[in-house]
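Have a look at the structure below before the remarks.
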Amino acid sequence: MTKESRQTPQFDFIALGDIVTDAFIRLKEAEIHADIQKSERKICMNFGDKIPYESVTVVPAVGNSPNASVSASRLGLKSALVTNLGDDIEGDRALEQLKDDNVSTVFARKHREMKTNYHYVLWYQDDRTILIKHEEYPYTLPNIGEPKWLYLSSLGSHSLPFHHTIADYLEAHPKIRLVFQPGTFQIQQGTEKLSRLYAQTEVFFCNTDEARRLLKTQSTDILTLLRGLQEHGPKIVVITDGAKGAYAYYESEAWFMPPYPDPKAPVDRTGAGDSFASTFTSALVGGKTVPEALTWAPINSMSVVQQIGAQKGLLTREKLEDFLAKAPPEYKLKILV
């Protein structure tokens, strides 16, 4: 743990999850093959060839939870990150980047003889495929005190016992509001193995495909998905649907929000979901209602996809509110029920 303080400070927003360095490899020669029936797209390159690439851009201190902690900080919240790093140059760079964004690293833990997570992002056109590898850190929960909100997202595939530790802490500190944006492993675990966390969740985020996997259904009815997830415990359920928009459900009311219009074609969609979820949460932390939060979130997503990486385009509160004030007439909340 870094030595920012020997006492547990009070934070508005603490994010918990793995941190990574992303190396964006801009591809020049590839093809996209789509299977409409399976809703799948595959990136294809000639096997055995030397494949030219256009550029490499290295972005430190990213990942679902680090992205969220930076987003919250830029929106004016006192933010911190609980994470694990290797004792290497990538870990040092990640810590410095977080500090530059006013994210406290008091809960970040470096491990000797271990590496910081490093991912390779195959970037083609406006989308990407990520080659991932999570180091098997010994997960432990530091004394985080009693923050207003705890934001939980991606952890490694060996982290199931750690999720029970988090649930224990939340049960012992019922004033903490949990936000759960599950990553790949957490989606794979389903709702049963993580049932204690679902039961304690204030706000839950996923996309439509993830909702169907969690509920084990092929239904495309958004109200069925929203209500189905809420039955597992979350008070507020938010489901994103890519370029189509996003939905929120709270106390038997549901809303739809279209995406904020892009000023130009997206550069890179990495981090769009993280910026959406963290901005929605930050709005709630600041006292906004669920419908109001749903109007905030797409704006940061729009801004993020205009830049390389998940953090460069994250907005300050002042800039976000300026975009909201200048929103076109079609950017309007719709009440579903």
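The values are calculated or read from the model by the stated rules, or taken from the named source; none is laboratory data. Just so it is clear, the structure is predicted and the values come from calculations on it, not from any experiment. We place every Cβ from the backbone using ideal geometry, glycine too, and count neighbours over all the protein chains shown. Please note that ligands, DNA and RNA were not included when accessible areas were found on the heavy atoms of the full protein model with its side chains. Shrake-Rupley method; radii C 1.70, N 1.55, O 1.52, S 1.80 Å.
What is the spin-label model distance, in nm, from Ile43 to Leu131 if the labels are put 7 Å beyond Cα along the C-beta direction?
So the two model labels end up 1.1 nm from each other.
What nm distance separates the two modelled labels at Asp209 and Lys319, each placed 7 Å from Cα along Cα→Cβ?
2.9
Which trypsin sites (Lys or Arg not before Pro) in the stretch 190-287 sit in a loop by DSSP (not H, G, I, E or B) and have at most 11 other Cβ atoms within 10 Å of their own Cβ?
Taking the stretch 190-287 and a limit of 11 other Cβ atoms within 10 Å, the loop trypsin sites (Lys or Arg not before Pro) found are Lys216, Lys264.
Taking R0 as 25 Å, what's the FRET efficiency between Thr184 and Ser252 from their Cβ-Cβ distance, rounded to 0.05?
After rounding, the FRET efficiency stands at 0.20.
Using a Förster radius of 41 Å, what is the FRET efficiency between Ile51 and Lys264 based on their Cβ-Cβ separation? Nearest 0.05, please.
0.90
Given the chain, what percent of its DSSP beta bridges are antiparallel, to the nearest 5?
Around 45 percent of the beta bridges assigned by DSSP in the chain are antiparallel ones.
Please compute the length gained on full extension between Asn143 and Asn102, using 0.36 nm multiplied by the number of residues separating them and subtracting their Cα-Cα distance.
12.7 nm
What order do you get for 251-261, 82-92, 325-335 when each peptide is scored by the mean count of other beta carbon atoms within 10 Å, highest first?
Listed from highest to lowest mean packing, they are 82-92, 251-261, 325-335.
Counting only protein heavy atoms and using a 1.4 Å probe, what share of the accessible area of the chain belongs to carbon plus sulfur, as a whole percent?
48
For a quick check, take a GNM of the chain with Cα springs below 10 Å and name the residue from Ile144, Ile32, Ile236 with the largest mean-square fluctuation.
Ile32
Mind checking the dipole of the chain: about its Cα centre, +1 per Lys or Arg Cβ, -1 per Asp or Glu Cβ, Debye to the nearest 20?
It comes to approximately 300 debye.
Karplus couplings for the stretch 255-261 from phi (6.51 cos²θ - 1.76 cosθ + 1.60, θ = phi - 60°), rounded to Hz, Gly and Pro as x?
Karplus-based 3J(HN,Hα) across the stretch 255-261 equals 9, 10, 10, x, x, 6, x Hz.
Once amide H atoms are built 1.01 Å from N in the peptide plane, which residues 5 or more positions from His111, or in another chain, come under 5 Å H to H?
For His111, whose amide H was placed from the backbone, the distant partners under 5 Å are Leu85, Gly86, Asp87.
Determine which lysines satisfy two conditions relative to Lys235: a Cα distance under 30 Å, and not lying fewer than 8 residues away in the same chain.
Result set, ordered by chain and number: Lys78, Lys148, Lys175, Lys193, Lys216, Lys244, Lys288, Lys319, Lys332, Lys334.
With a 1.4 Å probe and all protein chains left in place, how much accessible area per residue does the stretch 133-186 have, in Å²?
The answer is 42 Å² per residue.
Starting from the amide H of Lys78, placed 1.01 Å from N in the peptide plane, find each other amide H under 5 Å away whose residue is 5 or more places distant or on another chain.
Here Asp12, Phe13 satisfy the definition.
Using r as the Cβ-Cβ distance of His158 and Glu330, and R0 as 56 Å, what FRET efficiency do you calculate, to the nearest 0.05?
Calculated transfer efficiency: 0.75.
For Tyr169 and Thr8, calculate 0.36 nm times their separation in residues minus their Cα-Cα distance, and state this gained length in nm to one decimal.
56.4 nm
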